[in-house]
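In what follows, a structure is listed as structure tokens, so that the remarks can point back to it.
Every read-out reported here was derived from the displayed coordinates using simple, explicitly stated rules and does not represent laboratory data. Remember, predicted model here, so these are calculated numbers, not experimental data. Counting neighbours? That spans all protein chains shown, and the Cβs are built from the backbone with ideal geometry, glycine included.
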């Protein structure tokens with residue numbers, strides 16, 4: 001039986017990466033819902049590829065452009081996130097929540113009751129609304145997996161581990177494109193330079209946040225919320241190669257290290273194929 005899935009923010013970098021993964025295994029997936037904001041052309045392309053019957057387009061211009069397309073006559077198109085009850089007759093198997101920014105919080109909370117598993121890539125949701133998310137996860141018995149490479153790595157390393165045994169958690173940071181640039185030279189850097197991350201291919205916002213290192217502050221807050229670990233146990237370790245994503249040191253002296261190539265494909269792949277014998281390609 002095909003897994004029924006939804007992707008919130010399907011035209012962003014995380015959404016497109018997931019699309020690339022599942023299109024290699026189309027026979028095992030039914031995409032029930034896709035959502036996007038402004039990139040309506042990419043959204044239409046994805047919808048046709050997977051024969052998606054439901055689209056949510058929050059941008060008014062993009063919504064109107066899709067409504068004009070002849071393909072729209074075959075499907076349901078909504079311009080807000082208030083229609084999950086119409087779309088989902090019963091719980092689907094998996095949802096990727098990857099809408100960028102705080103606007104991702106409400107749809108993330110709302111869709112939890114309609115999905116058996118949710119992978120969340122939206123930092124703002126976890127930082128600003130974790131208590132609300134946690135409440136919905138518990139009430140609806142929905143499994144949660146973090147998508148961020150650092151938090152996915154911590155989550156993976158801590159499976160079946162008593163958190164009382166943890167002495168320290170290290171979240172790694174590449175340092176971004178300006179790691180070796182003197183402070184007095186940063187005054188005149190451009191946004192274009194800031195988006196040239198030495199290791200990762202990411203969206204514009206996350207690239208800028210990485211260059212300023214504010215992204216790492218967000219990740220510390222996320223780790224504290226997700227794993228219920230005090231700030232004093234969470235440390236940032238500069239690791240320019242970005243190969244190691246998380247290090248957990250235990251009170252007994254043992255250390256767990258999770259490392260993988262610098263591609264979001266690996267954590268995303270493992271959120272949808274967790275506990276399944278499947279080789280990443």
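How would you classify segment 152-259 from its alpha-carbon gyration tensor, with a ≥ b ≥ c the square roots of the eigenvalues: rounded for a/c under 1.5, else prolate if a/b is greater than b/c, otherwise oblate?
prolate
Measure nothing fancy, just the Cα-based angle from helix 123-140's long axis to the longest principal axis of the chain, in degrees from 0 to 90, nearest 10.
70 degrees
For n ≥ 4 DSSP H runs only, could you compute -39500 (n - 2.57) per run for the chain, divide by its residues and tell me the 222 nm figure to the nearest 500?
Calculated at 222 nm, the ellipticity per residue is -10500 deg cm²/dmol.
Report, in whole Å, the centroid distance computed from the Cα atoms of segment 100-163 and segment 223-281.
So the two Cα centres are separated by 16 Å.
Rounded if a/c is under 1.5, else prolate if a/b is larger than b/c, else oblate: which is segment 236-281, with a ≥ b ≥ c the root eigenvalues of its Cα gyration tensor?
oblate
In what sequence do 229, 66 fall when counting other Cβ within 10 Å, fewest first?
229, 66
If each residue's Cβ is checked for other Cβ atoms within 10 Å, how do 200, 155 rank with the fewest at the top?
200, 155
Determine, for 271, 95, the number of other Cβ atoms within 10 Å of each Cβ, and report the residues in order from fewest to most.
Ordered by Cβ neighbours within 10 Å, fewest first: 271, 95.
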